[in-house]
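Worksheet for the structure shown next.
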Amino acid sequence: MDIKKVLSGLGPYDQSKLEKTRSDKLKSQRESDAGSSSARGDKVSISDEAQLRTEAYSAASSASDIRHDKVAEIKARIEAGEYEINTRKIAENIVKEDLDFFS
């Protein structure tokens, strides 16, 4: 089974949606640039990925189930150089979640 086929079209992170949004923004930007050649100035544009990351960060920050004591403890351990990431455990949990999802 191809996981990409199962999960395609889900959520705001779908690649085809991002590409369509980018092309739509480029098209509208070109149209506005062509129509306002006399009003030139500095412009700032934020990529779709950056916008998605900002939204995800905001959602995570405003979640009510954050254990602030645990976050502070982990930050302190990282700064002290005492925090080690157990990649084997992370991989096991990812595989377990995938198996639970597909069974």
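Counting beta carbons within 10 Å around each of Leu99, Leu52 and listing the fewest first gives the order Leu99, Leu52. Among the GluC sites (Glu not before Pro) in region 23-103, those located in a DSSP loop and surrounded by at most 13 other Cβ atoms within 10 Å of their own Cβ are Glu82, Glu84.
Every number in this text was worked out from the coordinates using simple rules, so none of it is lab data. Predicted, not measured: the structure shown is a model, and the values here were computed from it. Neighbour counts are summed over all protein chains in view; Cβ atoms, including those assigned to glycine, are modelled from backbone coordinates with ideal geometry.
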